[in-house]
Amino acid sequence: MTFVLVCPACGMEYRPPKGKEERYACDCGSVLLVEWPKPKWAPKGRGVWRYKSLLPFTGKPATMGEGGTGLVNARELIGEYTVKELRFKTEGDNPTDSFKDRGTTVCMSRALKKGFKRVSVASTGNMGASVASYAAFANLEARVFVPKGIPDEKIAQMIAVGAKLHKVKGTFRDAVDAMLLDVKKGSYLCETGLNPYYLEGEKTIGFELYEEMGVPDRIVVPTGTGGLITSIYKAFKELKRAGKTRKLPQMVAVQAKRCSPIVDAWRKGTEKVKEPKKANTIASAIMVKSPFNGVTALRAIDESGGCAIGVTETAIKHAIRELGREGIFAEPASAAALAAMHELRHKKTDKVALIITGHGLKDPAAFLG
Ligand SMILES: Cc1ncc(COP(=O)(O)O)c(C=O)c1O
Ligand SMILES: [Zn+2]
């Protein structure tokens, strides 16, 4: 296991810190990404830790059995699109019902090994629920900072496992600022966009897709901070460098039209992601006005020849019902992936994977209301 930390903004490289210290960001202020100079593909076992040779942790991980989620083959909906294969990666199968557990197991393992007693996270809901559960499992204290508008179900998930909840006035960004003050006082920073190790866990979605269906022609990803789409593309680039494939998938980012800073930047052809003035969508999990991984998300889209799509509230609600025809219940942010399918033109030979990031029971009111 040899990796370095690389800054996507200025190119600076860092060795991972040893002992009790942890490095999260570049000195220039940018987020960092983990890079594997010689990626070693050696899958063994099951779930996220099947890919240990490409995960930044050695030793016994804090695992609750995350990963190894379903890949449902569309049978009802396949006729509506000119594609050969349409698959849904059902991330609601994870221990806390969203893909976040994949990153949390890596961060929690590192926090434990480094001797931290407390972890902190700001969240639009799913990440807080995930970090709270894993912290309880690992016997660490969890502090979760949330903005307004998080579904009660996700708040309940956090409280039930004993997390300390901080309700912050304002947006997700305000919650992050409050959380960062807490990190200065000695918490482990467990944030998707700000902790490079988090994305390493999330990228295992890409590895599973590769093993289950080969390299898809397109992967459609609900996008908030831009971390998930960055990490899945990263997985395929590592597979390519490990000599496992020559092909890379086209990456498609989906956001709600009512909060779509990455879509807007992509349309304008700029890496400067501008905060929208207002944001208000039923897809609360991807309601992120200032995405930390926006630049790397835009690069994944452009490098892969993909695109970014904004979807309406009506289309999201309709997509929840449509997924129901396949027996899948998805939360609004996740259903956004299917809503985007109508905007995409495919070839008959295309293999497409949609990431259904979180379970519908996390926000039933959005569907019933
Ligand atoms: C259900 C769901 N889908 C998609 C996302 C988007 O992931 P990212 O913020 O890494 O872009 C999130 C993030 O919280 C989420 O909870
Ligand atoms: Zn930098």
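Tabulated data
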| read-out | value |
| --- | --- |
| Derived scalar couplings ³J(HN,Hα) [segment 175-189; Karplus, 6.51 cos²θ - 1.76 cosθ + 1.60; whole Hz; x for Gly, Pro] | 5, 5, 4, 5, 5, 5, 4, 5, 5, 4, 8, x, 8, 7, 7 |
| Relative contact order (percent, whole number), the chain, Cα cutoff 8 Å, 6+ residue spacing | 18 |
| Dipole magnitude of segment 160-243, debye to nearest 20 (Cβ charges: Lys/Arg +1, Asp/Glu -1, about Cα centre) | 360 |
| For segment 144-149, 3J(HN,Hα) per residue [Karplus equation, 6.51 cos²θ - 1.76 cosθ + 1.60, θ = phi - 60°, Hz, x = Gly/Pro] | 10, 9, 10, x, 5, x |
| Global geometry of segment 218-266, whether rounded, prolate or oblate, following the gyration tensor of its Cα atoms and the 1.5 cut on a/c | prolate |
| Cα lying deepest toward the dipole's positive end in the chain, options F329, G310, V119, charges on Cβ | V119 |
| Peptides 137-146, 104-113, 219-228, 67-76 ordered by average Cβ neighbours within 10 Å, highest first | 219-228, 104-113, 137-146, 67-76 |
| For peptides 196-208, 320-332, sequence by mean Cβ density within 10 Å, most packed first | 196-208, 320-332 |
| Contact order normalised by residue count of segment 184-285, Cα under 8 Å, 6+ apart, percent | 22 |
| FRET efficiency estimate (nearest 0.05) - Cβ-Cβ, K52 to D27, R0 25 angstrom | 0.25 |
| Relative contact order, percent, segment 60-149 [alpha-carbon distance under 8 Å, six or more residues apart] | 27 |
| Between segment 34-89 and segment 233-260, the Cα center-to-center distance that results, in Å | 13 |
| Charge dipole (debye, nearest 20) of the chain; +1 at Cβ of Lys and Arg, -1 at Cβ of Asp and Glu | 780 |
| Semi-axis lengths (Å, descending) of the ellipsoid that matches the C-alpha gyration tensor of the chain | 28, 24, 20 |
| Computed magnitude of the charge dipole of segment 84-191 (debye, nearest 20; Cβ of K, R +1, Cβ of D, E -1) | 420 |
| Shape category assigned to segment 34-166 from the gyration tensor of Cα positions, a/c cut at 1.5 | oblate |
| Prolate/oblate/rounded label for segment 130-287 (Cα gyration tensor, a/c 1.5) | oblate |
| Residue of D152, D97, D217 that the Gaussian network model of the chain assigns the largest fluctuation, springs spanning Cα pairs under 10 Å | D152 |
| Charge dipole (the chain, unit charges on Cβ, about Cα centre) - positive-most of C7, M213, V131 | C7 |
| Selected from T192, T63, T230 as most flexible by GNM, with the chain as the system and alpha-carbon contacts under 10 Å | T63 |
| Most positive-pole-ward Cα, T245, A353, A339, against dipole of the chain from beta carbon charges | T245 |
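Any read-out appearing in this document is the output of simple, stated calculations on the displayed coordinates, not a laboratory observation. Source: prediction; values computed, not measured. Using ideal geometry, Cβ is built from the backbone for each residue, glycine included, and neighbour counts are taken over all protein chains shown.
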